[in-house]
Amino acid sequence: MDRRLTASLVALAVSIPVIISLAQGIGRPYTLTPDADIIYVGEVLRSFDGRPYFYSDHPGYTYTLALSVWLKLLSLLHLIPKPGLAEAVAAPSIDSYMQAMVWAGRWLSALMASALVAASAWLVRLGGAPPLVAALFALLLACSGGIAVQAIILRAELMSAGFTFLAYCSMAVAARHGGWRGPIWLGLAGFLAMLAMEAKVQAMIPLLALPPLAVVLDGLKRPLLPGRDDWRTLPLVLVALALCMPLAVIVPFSMADFDETRPYGFYQLLIAAWVLAGMAIYAQLNRVRVRGVMLAVLALAAGMALGLDVLFLRHSHRVMDAVINPLEHMRAFAGGGAQGGLLQSLAGTIPAMVMGMVRIAYLPLRLMELAALAGATMLWRGGDGRAALQSVMLVGVALAVEIVFGLRGMPPWYLIYIEPWVLAALLTPLSRLLSAGGRFRRPVFWAVAVFLVWTGARALSPDVVPAQPIANVCAQANTYLEPELAIRFGPTCRN
């Protein structure tokens, strides 16, 4: 019975983002959300004409790669016109052409949101959660505000936040495996972390929380390591070192040659030390041998290097610099302007942070945070201090991201960076309640049902993503598109 229920819940969860997208109107006018629909479609059209990568604001690189493959596939299937800058300029109706491209992009968003729900449920299950709890997690994630928003618009936050959370899940799975599986999962975590940064460098904020989160993971004690006589050890080590060579060369040059703004300094070394410190403390607590630590460090570095190599698929030194120097690149995001030091950049931002948090003060997110903290209290009183600390730290990650993103007024598309961490904080308390006996099972199901109705109603509301003024079509086109394409949008704005 539980197996059929679990499978049904996961299937429902995976379908929810597509249902939300269809209910909101996947064919609604592209002019409703030109920021950032027009920006990313324009960048992809530029790529089909062989022009260099232009948009480096966030930088959205990973997302534009995925969107370009998707548009090419739908074009080959004759579902949309041929994508390309020349084709867009020559199109009889630019509105019809852009409508088709944005329609295709919305389908990609819905499918990627479903894929994130499925991947999260799978990794949460591999990380030790019972099947029913993993299914409930998937259902709550699928109905969350962040997924609902990202499923109906074209934005890079879905890939950035999604890959960040999946990197954490991969790290948790690595902690539960010995042999070669542990390093392989850790390499995947490094790879996903770099893809998250390449989608949107703001992913650095939650990524910095991964080292302390690793310390409280429920990992294996004295995990088994690959044998010294294992013939795969030397080849894999050599491959990992080869993968790391571009990273070792490019990063110092980018740090020294960065000219977008005045550099803050070599904080990248502090980040590397922060990561190594987290790995060292974890190894000490779980009695991992030195050889295991070295393999883990090499696997993580190789995964990150492989993720950085993705930037060579459509190389742009601006994107490379943004990923390697994220604090400087986010200076405008923090409202600090192009001059001054780090403290000056953060000065005067507290009112913006507070206002951003107030805007979502009444969302279901607040109830989830309180439930997670109540669950942590239950775990602490039950004698499981490690699990309690883990839940509190996961809520802390969500709050830290919320505070920083409050600088931008906390628009709804940033919720995807916050909600998965709060839901993850609920995993262990839910597992304990459902395993404590039948008396807690029905109240948990009723609580989840009420929450799903609440969040589902919000996801289907017409104002889940605020409509933008028609003038923003030309504002985005004139700022980010080629002049010969931007001029085609003039009649749309005038009308």
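The values are calculated or read from the model by the stated rules, or taken from the named source; none is laboratory data. All figures in this text were calculated on a predicted structure; none of them were measured in a lab. Note that each Cβ is placed from the backbone with ideal geometry, even for glycine, and that neighbours are counted across all protein chains shown. When the accessible area is computed, the model is the full protein with side chains, heavy atoms only, and any ligands, DNA or RNA have been set aside. Shrake-Rupley method; radii C 1.70, N 1.55, O 1.52, S 1.80 Å.
Does at least one position in the range 387-405 carry a residue that is surrounded by fewer than 21 Cβ atoms within 10 Å (Cβ to Cβ) and within 20 Å of Asp2 (Cα to Cα)?
no
Within the range 1-14, restricting attention to residues that are under 24 Å from the mean Cα position of the chain (by Cα) and surrounded by fewer than 23 Cβ atoms within 10 Å (Cβ to Cβ), which residue is nearest to Ala467 (Cα to Cα)?
Taking the candidates together, the pick is Val14.
State all residues of the range 281-299 that are of a type in the set (A, V, I, L, M, F, W, C), in contact (Cβ under 8 Å) with a residue 40 or more places away in the chain and open to solvent by less than 30 Å² (accessible area, probe 1.4 Å); if no residue qualifies, say none.
Leu295, Ala296, Ala299
Which numbered condition trips up Leu166, out of (1) assigned to a helix (DSSP H, G or I); (2) over 30 Å from Leu460 (Cβ atoms); (3) not small (Gly, Ala, Ser)?
All conditions pass for Leu166, except number (2).
How many of the residues making up the range 430-443 are among the hydrophobic types (A, V, I, L, M, F, W, C) and outside any helix (DSSP H, G or I)?
1
Any chance the range 420-429 includes a residue that's part of a helix (DSSP H, G or I) and open to solvent by 20 Å² or more (accessible area, probe 1.4 Å)?
Yes; the residues of the range 420-429 include at least one that is part of a helix (DSSP H, G or I) and open to solvent by 20 Å² or more (accessible area, probe 1.4 Å).
Taking the condition open to solvent by 20 Å² or more (accessible area, probe 1.4 Å), part of a helix (DSSP H, G or I) and either in contact with a helix residue (DSSP H, G or I) (Cβ under 6 Å, 6 or more places away or on another chain) or within 15 Å of Tyr480 (Cβ to Cβ) (or both), does Trp70 pass?
It is true that Trp70 is open to solvent by 20 Å² or more (accessible area, probe 1.4 Å), part of a helix (DSSP H, G or I) and either in contact with a helix residue (DSSP H, G or I) (Cβ under 6 Å, 6 or more places away or on another chain) or within 15 Å of Tyr480 (Cβ to Cβ) (or both).
Do any helices (runs of 4 or more DSSP H) lying entirely in the range 271-383 carry at least 1 residues that are more than 26 Å from the chain's Cα centre (by Cα), more than 30 Å from Met245 (Cβ to Cβ) and modelled with pLDDT of 90 or more, and which ones are they?
364-381
Filter the range 15-63 for residues that are among the charged types (D, E, K, R), open to solvent by less than 10 Å² (accessible area, probe 1.4 Å) and more than 21 Å from Val310 (Cβ to Cβ) and give the result.
Listed by number, the list holds a single entry, Asp37.
Looking at Leu108, Leu116, Leu126, Leu85, which is the one that is within 29 Å of Gly182 (Cα to Cα), surrounded by fewer than 24 Cβ atoms within 10 Å (Cβ to Cβ) and in contact with a helix residue (DSSP H, G or I) (Cβ under 7 Å, 6 or more places away or on another chain)?
Result: Leu126 is the single residue among Leu108, Leu116, Leu126, Leu85 that is within 29 Å of Gly182 (Cα to Cα), surrounded by fewer than 24 Cβ atoms within 10 Å (Cβ to Cβ) and in contact with a helix residue (DSSP H, G or I) (Cβ under 7 Å, 6 or more places away or on another chain).
Tell me the residue from Arg176, Arg232, Arg222, Arg181 that is surrounded by fewer than 21 Cβ atoms within 10 Å (Cβ to Cβ) and free of Cβ contacts under 8 Å to residues at least 24 places away in the same chain, please.
Going through Arg176, Arg232, Arg222, Arg181 in turn, the sole match is Arg181.
When the range 463-495 is examined, which residues are found to be farther than 21 Å from Glu43 by Cα and in contact (Cβ under 8 Å) with a residue 60 or more places away in the chain?
Val464, Val465, Ala467
Residues are listed down the side, and each one gets a yes or a no for (1) touching a Phe, Trp or Tyr at 6+ places or on another chain (Cβ under 8 Å); (2) assigned to a helix (DSSP H, G or I); (3) at pLDDT below 95:
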site	(1), (2), (3)
Met112	no, yes, no
Val117	no, yes, no
Ser120	yes, yes, no
Gly128	no, no, yes
Val133	no, yes, yes
Leu136	no, yes, yes
Gly146	yes, yes, yes
Ile152	no, no, yes
